[in-house]
């Protein structure tokens, strides 16, 4: 998976952490937690040809395109469809995110999708379990090689 590192050598956030930051800061209209403890959040998902669509509906997609290096405002022409496709593919490509289809709305004027995010603690526990397993394997190997 890409780490989207800048040429400056500064490590960038992975998509999960970047999105959590956007949800926590609430600086993009419509991108919000529904139930943080359960990991449920909402993303505006208005089709570009829908009569209620406006530029703000694509803001989360635009910001991800800029952050991931797929769009440079001073160089590239805006491509809302491409931004949304890249964002959707990133969401769908990670096991951390699952769309809650029965909660999403494709019929209301302000259409949105609801996703669930694996709990932050659960992810840390899984990483800790893997680290312990690797350490155990190393100790067993070290024991038999001595």
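Here are some notes:
- When the range 44-83 is filtered for residues that are under 12 Å from the mean Cα position of the chain (by Cα) and at pLDDT below 90, the ones remaining, listed by number, are 60, 61.
- Selection over the range 84-100 of residues that are touching a residue at least 40 places away in the same chain (Cβ under 8 Å) and more than 12 Å from the chain's Cα centre (by Cα) gives a count of 1.
- Among the residues of the range 21-28, not a single one is surrounded by 11 or more Cβ atoms within 10 Å (Cβ to Cβ), outside any loop (DSSP other than H, G, I, E, B) and modelled with pLDDT under 90.
- The numbered conditions (1) surrounded by fewer than 15 Cβ atoms within 10 Å (Cβ to Cβ); (2) outside any loop (DSSP other than H, G, I, E, B); (3) modelled with pLDDT of 90 or more are all true for residue 122 except (3).
The values are calculated or read from the model by the stated rules, or taken from the named source; none is laboratory data. Please read these numbers as outputs of a predicted model, since none were measured by experiment. All Cβ positions, even for glycine, are placed from backbone atoms using ideal geometry, and neighbour counts span all protein chains on display.
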